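The values are calculated or read from the model by the stated rules, or taken from the named source; none is laboratory data. Quantities reported herein were computed from a predicted structural model and do not represent experimental measurements. All Cβ positions, even for glycine, are placed from backbone atoms using ideal geometry, and neighbour counts span all protein chains on display.
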Amino acid sequence: MRHQSGDDIGVFLAVCEAGSFVAASARLRLSASAVAKAIGRIEQRLNVRLFKRTTRSLQLTAEGAAYRDVCGAAWRDVHRVETMLTGLSDEPAGILNISLPPLFGAQIVTPALYPLSRKWPRLTLNIDSSIEQLDLSNGEVDLAVRIGELPNTGGLVARRLGLQHLVLCGSCDYFTGRKRPETVDDLITHDLIAGSTRGRPAPWQFLQPDGGLSTWHPKARLLLEGSLLTLSAIRSGEGIGLVPYWLVRDEIADGRLISVLQERVAGHLPVHVVWPAAPFLLPRLRAAIDAIVEAVVPALNNGAEEMSQHLTALRR
C-alpha cells in the first residue's frame with residue numbers, strides 16, 4: 001500500500017491489515033507516531049473508537065470493523081480508477097493481476113506472457129495459478145483464463161479461445177500383449193486411471209452412435225488428482241487415462257502413447273479469456289490479452305486439427 005500525504009484512511013486500512021501501528025508504520029515508511037496521529041484524527045472526526053488498545057494487542061471495535069469494510073471497498077475502487085487514469089499512455093505499465101489454471105497456465109499461457117515484462121520494463125505481472133479460482137468481481141483480478149463453461153459473465157467480458165480436447169490413452173508398453181479397446185464396454189477389461197471427485201472416480205463422457213452423450217463411470221484402479229499425476233501413471237504403463245490432448249500431443253505423435261476410442265470421447269471443455277467490463281482497455285490489459293490469444297488459439301486449434309488427422313488415419 002502506497003501512502004500519500006493526508007491519506008488517513010489509507011493509514012487506517014494499513015493498520016487493519018498489519019495488525020499493529022508499528023507494523024503499519026514500517027509498510028508505509030512513516031513513524032509509529034504519525035500512524036497513531038492519523039488514527040486519532042479519524043476517531044476525533046467520527047467521535048468513535050476504532051481500536052481497543054492494550055500494551056500487548058490491538059483489536060478493532062465493532063465500529064472500527066464496519067468502518068474498515070466500507071473504507072476498504074471504497075479505497076479499492078478509488079485505487080482502481082486512479083490506476084486506470086494514470087495508465088492511459090500507449091505503453092503497457094503498472095501491475096496486472098492474472099489468474100490462470102495451474103497446468104494449462106504453466107505450460108501454455110505464461111510462456112507467452114513472460115516476454116511482455118521484458119519488452120515493457122514498467123509492466124509488472126502478478127500471476128496466480130492456484131487451484132481455487134480467484135474472483136474477478138472484487139477487483140483483485142484484472143485478467144483470467146478459465147477452462148469449462150462460465151457460470152456467470154455478469155459484469156465481465158469473455159472471449160472464447162477454443163476447446164480443450166480430451167484424449168483417452170495408454171502407453172505403448174501398456175498395450176504390449178493387450179488388445180486395444182474397440183468399444184466403451186471393452187474398457188472394463190483394462191486397468192483404468194481416473195480423476196478423483198470427492199473420493200470417487202470422475203465420470204467420463206462418450207458419444208453414442210446416434211450422436212447423443214452418455215456418462216460412463218470408470219471402475220478405476222488408480223484415483224489421481226489432476227492431469228499431471230494421471231499422465232505420470234499413463235507414462236509408467238499403469239493403465240488408460242483421460243487427459244487434455246495438448247498435454248500429450250507430442251507423445252501420441254511419436255508413438256510413446258496410444259490414443260483409443262478417440263471418435264467416441266466427449267466432454268471437451270471451452271477455454272475463455274475473461275476480464276472485467278470497463279469503458280476502455282488499459283494498454284497492459286490489451287497487451288496481455290493479445291499475447292494470450294496468440295498463444296492459446298493455435299495450441300487449441302492445432303490440437304483439434306491433429307486429432308482430426310489422427311482419426312482419419314485410423315479409419316484407413
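Quick check on my filter: what residues within region 215-247 are in contact with a Lys or Arg (Cβ under 9 Å, 6 or more places away or on another chain) and within 24 Å of Glu263 (Cα to Cα)? Give the steps one after another, and end with the answer.
Residues of region 215-247 that are in contact with a Lys or Arg (Cβ under 9 Å, 6 or more places away or on another chain), as a first pass: 217, 223, 235, 238-239.
Passing the criteria: His217, Arg235, Glu238, Gly239.
Kindly indicate whether Gly226 is surrounded by 13 or more Cβ atoms within 10 Å (Cβ to Cβ) and either touching a strand residue (DSSP E or B) at 6+ places or on another chain (Cβ under 6 Å) or farther than 29 Å from Val296 by Cβ (or both).
On the way: surrounded by 13 or more Cβ atoms within 10 Å (Cβ to Cβ): yes; either touching a strand residue (DSSP E or B) at 6+ places or on another chain (Cβ under 6 Å) or farther than 29 Å from Val296 by Cβ (or both): no.
For Gly226, the condition - surrounded by 13 or more Cβ atoms within 10 Å (Cβ to Cβ) and either touching a strand residue (DSSP E or B) at 6+ places or on another chain (Cβ under 6 Å) or farther than 29 Å from Val296 by Cβ (or both) - is not met.
Residue check, Leu257 against (1) surrounded by fewer than 19 Cβ atoms within 10 Å (Cβ to Cβ); (2) more than 24 Å from the chain's Cα centre (by Cα), all met but one. Which one?
(1)
Strands (runs of 3 or more DSSP E) wholly in region 161-246 with at least 1 residues that are of a type in the set (Val, Ile, Thr), free of Cβ contacts under 8 Å to residues at least 60 places away in the same chain and out of contact with any helix residue (DSSP H, G or I) (no Cβ under 8 Å at 6 or more places or on another chain) - which ones? It would help to see each step written out before you state the result.
Values: elements: 166-171, 192-197, 204-207, 213-216, 222-224, 240-244.
Because the criterion is at least 1 residues that are of a type in the set (Val, Ile, Thr), free of Cβ contacts under 8 Å to residues at least 60 places away in the same chain and out of contact with any helix residue (DSSP H, G or I) (no Cβ under 8 Å at 6 or more places or on another chain), the strands (runs of 3 or more DSSP E) in region 161-246 that meet it are 192-197, 213-216.
Within 20 Å of Leu269 (Cα to Cα), among the charged types (D, E, K, R) and either crowded, with 16+ Cβ neighbours inside 10 Å or modelled with pLDDT of 95 or more (or both), is that true of Arg235? Outline the logic, then answer.
Numbers: within 20 Å of Leu269 (Cα to Cα): no; among the charged types (D, E, K, R): yes; either crowded, with 16+ Cβ neighbours inside 10 Å or modelled with pLDDT of 95 or more (or both): yes.
Against the criterion (within 20 Å of Leu269 (Cα to Cα), among the charged types (D, E, K, R) and either crowded, with 16+ Cβ neighbours inside 10 Å or modelled with pLDDT of 95 or more (or both)), Arg235 does not qualify.
Output the residue which, of all residues in region 70-89 that are assigned to a loop (DSSP other than H, G, I, E, B) and either at pLDDT 80 or above or more than 25 Å from the chain's Cα centre (by Cα) (or both), is farthest from Ser137 (Cα to Cα). Outline the logic, then answer.
Taking region 70-89 first, the residues assigned to a loop (DSSP other than H, G, I, E, B) are 87-89.
Subsequent filtering for residues that are either at pLDDT 80 or above or more than 25 Å from the chain's Cα centre (by Cα) (or both) retains 88-89.
On the way: Leu88: 22, Ser89: 25 Å.
This residue is Ser89.
Which residue is nearest to the chain's Cα centre (by Cα), if the candidates are limited to region 238-254 and must be farther than 13 Å from Leu166 by Cβ and buried (at least 16 other Cβ atoms within 10 Å of the Cβ)?
Just the residues of region 238-254 that are farther than 13 Å from Leu166 by Cβ, to begin with: 238-239, 250-251, 253-254.
From the residues that got through so far, the ones that are buried (at least 16 other Cβ atoms within 10 Å of the Cβ) too are 238-239, 251.
Values: Glu238: 29, Gly239: 29, Glu251: 26 Å.
Checking each candidate, the answer is Glu251.
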